[in-house]
Amino acid sequence: MRSRRPIAFVLAAVLVASCGNDGGSAATVPTQAPSTSGPTTTSTTIAATTTTGAASTTSTIAVTTTSEALPVPAAAPQPRANEPYFELGTIEIPKIGVLKPLLEGVTLTTLDSGPGHWPGTALPGRIGNVVIGGHRTSHDKPFRHIDQLVQGDEVILSTPEGRFVYRVTSTEIVTPDAIRIIDQTPEFTATLFACHPLGSTRERFIVYLKLENT
């Protein structure tokens, strides 16, 4: 089995970036092939027999089921890699007074300007896990108070596709190598991450969310 240590190391460096730290020295970005599979369609044929008097008639019914492939997160980037400034939409967290552009990317280049969406993770309103990082102690520190969020609090993600209300389901404190936080799910979920405690890169504070009315 191939060791997951290099992936964990680079992810830890990226998660450090959400604290406003420079992420340390450069690390090798693990290779992770992007998903090339689109929606898949499966057809099932059912034979139905109808009997009228002495005559029997057999007909077939085609049942079509469509399943969408889960997103595949991009490999963890170099913490100081250049990323173009691109706004996906906005992120609003009413309880802690956050209303900011939601940017694409999780390098310091991006997070210094606002919360960033991990490339390759689900987009707001889509199936899968929308992963978003942000600063707590530098720049305008939009995620400074995410540790105050509790079950039921709203996080609203808006894009040109619509306005999507997610609600907090739970929170957790993890170590920097907890790469599972970017895992995709067959549900409509989201994950916020930032450093913890304030002023430290020792741990990460994680907020788990689920799309309302799903």
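Computed from the coordinates by the stated procedures, all read-outs in this text should not be read as laboratory data. Note that this is a predicted model, so its numbers are computed, not measured.
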Seminar exercise, completed: Quick shape check on the stretch 78-195: root eigenvalues a ≥ b ≥ c of the Cα gyration tensor, a/c under 1.5 is rounded, otherwise prolate if a/b tops b/c, else oblate, and it reads rounded
For this session: Using θ = phi - 60° and the Karplus relation 6.51 cos²θ - 1.76 cosθ + 1.60, list the HN-Hα couplings for the stretch 75-86 in order, rounded to whole Hz, with x at every Gly or Pro.
Result: 4, 4, x, 4, x, 9, 5, 7, 10, x, 6, 9
Seminar exercise, completed: The aspartates and glutamates whose Cα lies under 20 Å from the Cα of residue 210, excluding any fewer than 8 residues away in the same chain, are 68, 92, 147, 153, 154, 161, 172, 183, 187
